[in-house]
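The block underneath contains the structure these notes are about, expressed in C-alpha cells.
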Amino acid sequence: MTHAFPPSRFTKWQCTLAGTLLSLSLAGVAVQAAADGMDNPCAAISTSAAANPCAANPCAANPCAANPCVANPCAANPCAANPCAANPCAAANPCAANPCAAANPCAADNPCAAANPCAADDPAQAVKRPEGYTPAYSESGENDAELLARGEALFNDTSLSGNGLSCASCHGGDQGYQATFEQPYPHRVAMGENMFGMETVHADEMVQMCMVTPMAAEALGWDSEELAALSAYVVEVQRRYSGQSHNL
C-alpha cells in the first residue's frame, strides 16, 4: 500500500519562492511591453499583415526609384541630324567646280547669278560693289561741302556700329591707316585681300568692310546717303593723309 507523504516545510518554501519570482518576471515583461507601446505606432494594431499598416514599407513603391531622366528627350543630340552640318548649297552649286571658264554658269553675264542660292556663301557679296551700281560720290575728290560735312558727322557717329565704335575710334587724327592708304582709291587693302579676296578696294567698299567687320554692323545700303557721304569723306581723308590738296 502506497502512502502520500506531506511535503516538507523546506519544499513548500521553495515552491512559494519560485511562484513569486515567476509572477515578478511576467509583470516586468508586461510593464516593458507597455512602455514600448508608447512609441510604437503599430503596438495597438493587430499584428496581422492585412491590418498592420507597417507590414508593407510605404517607400517600397518610391516614385524616385526609377530616374525620370533615363528617357530624357535631350539624351540624343537633336543636332546629330543637323541639316546644316553639310552645306545644302554644296551639291547644287554650279560653281563648285568650274570645268571650263568659258562654260562657267556663274560667269558675270549669267542672268541667274543673282538668284544663285549659294551666292550668300561669299562674304565679299556684302562689301563688294553690286552689278549695275553707280556711286553717288566722286572718288577723284570733287565732292560738295554739304556731303563732306555729313560724312564727317557720320565718321564720328557710334550709333552706326553694333559695338559702340565709330570710324574715328580707329582712325581719329589720321591714325590706324596702312601704308597703302597713301595711294588714291581704288587701291590694295590688306583686310579686303585677306578677308574678302578683293585685289583692290574702292572707298565705298572700304566703308562697307569697316561696317561689317570692326564695327559689327550691317552693310549700308548701296544707294544710301550715309554710304555716299562717308565714302566722300574718306576720299578727302586719304588725300589729306597722302599730302594732296583736299577740302576738309
Quick check on segment 119-171: take the gyration tensor over C-alpha atoms, sort the square-rooted eigenvalues as a ≥ b ≥ c, and tell me if it's rounded (a/c under 1.5), prolate or oblate. oblate
Compute the distance in nm between two label points, each set 7 Å from the Cα along the Cα-to-Cβ direction, one at Tyr177 and one at Thr200. 1.8 nm
Could you compute how much accessible surface Glu225 exposes when probed at 1.4 Å, giving the result in Å² to the nearest 10? 110 Å²
Show me, for segment 210-224, the HN-Hα J-couplings you get by feeding each phi into the Karplus relation (A = 6.51, B = -1.76, C = 1.60, θ = phi - 60°), rounded to Hz, glycine and proline as x. 5, 5, 7, 9, x, 8, 6, 10, 7, 5, 6, x, 5, 9, 7
Semi-axes a, b, c in Å (a largest) for segment 144-248, each sqrt of 5 times a Cα gyration tensor eigenvalue, come to 18, 18, 13
Long-range amide H contacts for Val201: which residues qualify at under 5 Å (H placed 1.01 Å from N, peptide plane, sequence gap of 5 or more or a different chain)? His187, Arg188, Val189
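The values are calculated or read from the model by the stated rules, or taken from the named source; none is laboratory data. None of these values were measured; they are calculated from a predicted model. Glycine also receives a Cβ, built like all others from the backbone with ideal geometry; neighbour counts cover every protein chain displayed. Only protein heavy atoms, including side chains, enter the accessible area calculation; ligands, DNA and RNA are left aside. Shrake-Rupley method; radii C 1.70, N 1.55, O 1.52, S 1.80 Å.
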